[in-house]
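Take a look at the structure below.
The values are calculated or read from the model by the stated rules, or taken from the named source; none is laboratory data. All values derive from a computational prediction rather than experimental measurement. Virtual Cβ from ideal backbone geometry, glycine too; neighbours counted across all protein chains shown. Ligands, DNA and RNA are stripped out before the accessible areas are found, and what is left, the full protein with its side chains, is counted by its heavy atoms. Shrake-Rupley method; radii C 1.70, N 1.55, O 1.52, S 1.80 Å.
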Protein chains: 2
Amino acid sequence: MAKLLAKQKRMTDAVRTQAPASEAVDDYLKAIFQLSGHPERQVASNEIALHLSITPASVTNMLQKLAAQEPPLVIYKKHHGVKLAKAGKRRALEIIRHHRLIETFLHQVLDYPWDEVHQEAERLEHFISERFEERIAAKLGHPKFDPHGHAIPALDGSLPSQEPQAFAMLRPGQSANVSSVSDNDPEMLRYLAAQGIRPGVRLTLSEQLPFQGSYRVRVGTSSKLALLSHSLVQSIFVTIK
Amino acid sequence: MAKLLAKQKRMTDAVRTQAPASEAVDDYLKAIFQLSGHPERQVASNEIALHLSITPASVTNMLQKLAAQEPPLVIYKKHHGVKLAKAGKRRALEIIRHHRLIETFLHQVLDYPWDEVHQEAERLEHFISERFEERIAAKLGHPKFDPHGHAIPALDGSLPSQEPQAFAMLRPGQSANVSSVSDNDPEMLRYLAAQGIRPGVRLTLSEQLPFQGSYRVRVGTSSKLALLSHSLVQSIFVTIK
DNA sequence: TTTCAATATTAGCCATACCTAAATATTACT
DNA sequence: AGTAATATTTAGGTATGGCTAATATTGAAA
């Protein structure tokens, strides 16, 4: 006589539930978007784990959930990484749009200092409504760039394809315009601001000191020379023209 | 030989964890603040349950957690209701301040219609920083009232002691100024707006139709008469002068 | 082609945060 | 003192999102 327990079903914990729509999900989608770059490539779970400071196992688990959504948020091939599915990309771009609009708004309308906008935007980006988004965009005149020089995705998700060069690519004597700086390190932003380095400013690499130690840089047309460490330079992107 | 399992400890689920600081907590604190009125009185768990549309059991559970916090957020006497402890009151007033500042901001700076501000504020109130709060307050010139006429708590938590009369207290022929209207029902707010009824407007009760059916009301100095149902009238508070 | 290190996935579990229904207890009246 | 209304406890559920350890896969070097 077959026990009723036979089929037990002892559902494992993985892929146990279904469709989240949370901050965590937003963060995964953003991470995948940012890591997959242009042109788009598969992102490994390890990279995501590293980026979000969690274990790879947690990532695999979440990726399976995201792929199982209807509609799916990511395309996930076991052992071969993920990329964003249409809905996931839409959401990622929406969040990034929120983030950058909020940063711009905080800076321009609420007079936040440059280095404080990121933290606030990072929280609020998940919670504002479509209406809020639309209203601040209108208020700001539908800006194309945030205070750090990052392009703001349009409502339809389109982003001007940027070709940001790492500043470190420059050779001594070469000049370039700052297009953007990383937005997530307040201390660095304060330092750059103090040196007069911000999007739009022209930089000339004066000399690169030995052993990758640091870079001496002329800011704008002034005679001011800024000394930038290797790690600082990583945060600066330029267009050469 | 005493089994090691002896003490079993089979911890029940109640009061199992400790210190949350979430939206749910905010909502409990707000509910208690609102229900406890002026002068302050104990609030029964049943009332809270009703207000938040959850079961009394859930309320008891949460109240125990809130009382066990360090510092305690509520003073809770079994079977005798709760009131807010100092820290809880501080938080409740902070949230209410957030809510009302955000409503005012949405209305005045972002041109939200009257009836849409509540929903957005209800979400954002939990997530804005001190700095955000301070900046919108400054931008608005430190307003004392939100768009529905509710007083905005000051930074120190002080609230002008309001003595809002229920409109329904008026007798036919009496006049009074609208001090505030409830903010949580968009449809009602649109109706009131269409009738020209908003904080600051003077109303005269023209006649009260039988069987508590409805109220005929003169709005301002116009000859306009508005017909208000019993339930609508519940949402209007006035000062008689 | 085999082997092996790097990487990814599975299985099982843990914790937090909320909530519920049903059983039980307390209070405050009559 | 009995009882109806209220409140609390008990036991357990659901959902999210994390972790470790064991295991499996992949791809490149030998």
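Could we say that residue A:92 is over 25 Å from residue A:22 (Cα atoms), of a type outside the set (Lys, Arg) and in contact (Cβ under 8 Å) with a residue 40 or more places away in the chain here? Criteria not met by residue A:92. Residues in the stretch B:27-46 that are open to solvent by 60 Å² or more (accessible area, probe 1.4 Å) and either near DNA strand D (Cβ under 8 Å from one of its atoms) or within 14 Å of chain A (Cβ to nearest Cβ) (or both): B:46 only.
Within the stretch B:169-187, the set of residues being closer than 21 Å to residue B:204 by Cβ, buried (at least 16 other Cβ atoms within 10 Å of the Cβ) and touching a residue at least 60 places away in the same chain (Cβ under 8 Å) comprises B:170, B:176, B:178, B:179. For the stretch B:218-241, the criterion of a residue being over 28 Å from residue B:119 (Cα atoms) and either buried (at least 19 other Cβ atoms within 10 Å of the Cβ) or aliphatic (A, V, I, L, M) (or both) is satisfied by at least one position.
For the stretch A:90-98, the condition of being farther than 15 Å from residue A:156 by Cβ, open to solvent by 10 Å² or more (accessible area, probe 1.4 Å) and more than 14 Å from chain B (Cβ to nearest Cβ) holds for none of the residues. Looking across B:57, B:44, one residue alone is at pLDDT 90 or above and farther than 26 Å from residue B:162 by Cα. It is B:57.
Among the residues of the stretch A:28-41, not a single one is within 12 Å of DNA strand C (Cβ to nearest atom), modelled with pLDDT under 85 and either touching a Ser or Thr at 6+ places or on another chain (Cβ under 6 Å) or outside the structural domain of residue A:124 (by TED's automatic domain parsing) (or both).
Taken over the stretch B:137-157, the criterion of being open to solvent by less than 20 Å² (accessible area, probe 1.4 Å) and within 12 Å of chain A (Cβ to nearest Cβ) is satisfied by B:137 alone. A single member of B:151, B:138 is among the aliphatic types (A, V, I, L, M) and in contact with an Asp or Glu (Cβ under 9 Å, 6 or more places away or on another chain), and it is B:138. Quick check on the stretch B:58-81. Is at least one of its residues open to solvent by 50 Å² or more (accessible area, probe 1.4 Å), at positive phi and either outside any helix (DSSP H, G or I) or within 16 Å of DNA strand C (Cβ to nearest atom) (or both)? Within the stretch B:58-81, one or more residues are open to solvent by 50 Å² or more (accessible area, probe 1.4 Å), at positive phi and either outside any helix (DSSP H, G or I) or within 16 Å of DNA strand C (Cβ to nearest atom) (or both). Restricting attention to the stretch A:108-115, does a residue exist that is without any contact (Cβ under 8 Å) to a residue 12 or more places away in the chain, aliphatic (A, V, I, L, M) and open to solvent by less than 20 Å² (accessible area, probe 1.4 Å)? Yes, there is a match, as at least one residue in the stretch A:108-115 is without any contact (Cβ under 8 Å) to a residue 12 or more places away in the chain, aliphatic (A, V, I, L, M) and open to solvent by less than 20 Å² (accessible area, probe 1.4 Å). When A:116, A:103, A:134 are screened for being within 11 Å of another protein chain (Cβ to nearest Cβ), in a helix (DSSP H, G or I) and at pLDDT 95 or above, only A:134 passes. Residues in the stretch B:187-206 that are under 14 Å from residue B:171 (Cβ atoms) and assigned to a loop (DSSP other than H, G, I, E, B): how many? Adding up the residues that qualify gives 0.
Considering the stretch B:207-239, and only residues there that are closer than 18 Å to residue B:182 by Cα and in a loop (DSSP other than H, G, I, E, B), the residue that is modelled with the highest pLDDT turns out to be B:235. Do we have residue A:123 as open to solvent by 10 Å² or more (accessible area, probe 1.4 Å), away from chain B (no Cβ under 13 Å) and not hydrophobic (A, V, I, L, M, F, W, C) here? For residue A:123, the condition - open to solvent by 10 Å² or more (accessible area, probe 1.4 Å), away from chain B (no Cβ under 13 Å) and not hydrophobic (A, V, I, L, M, F, W, C) - is not met.
Checked against (1) out of contact with any helix residue (DSSP H, G or I) (no Cβ under 7 Å at 6 or more places or on another chain); (2) acidic (Asp, Glu); (3) within 21 Å of residue B:34 (Cα to Cα), residue B:187 passes all but condition (3).
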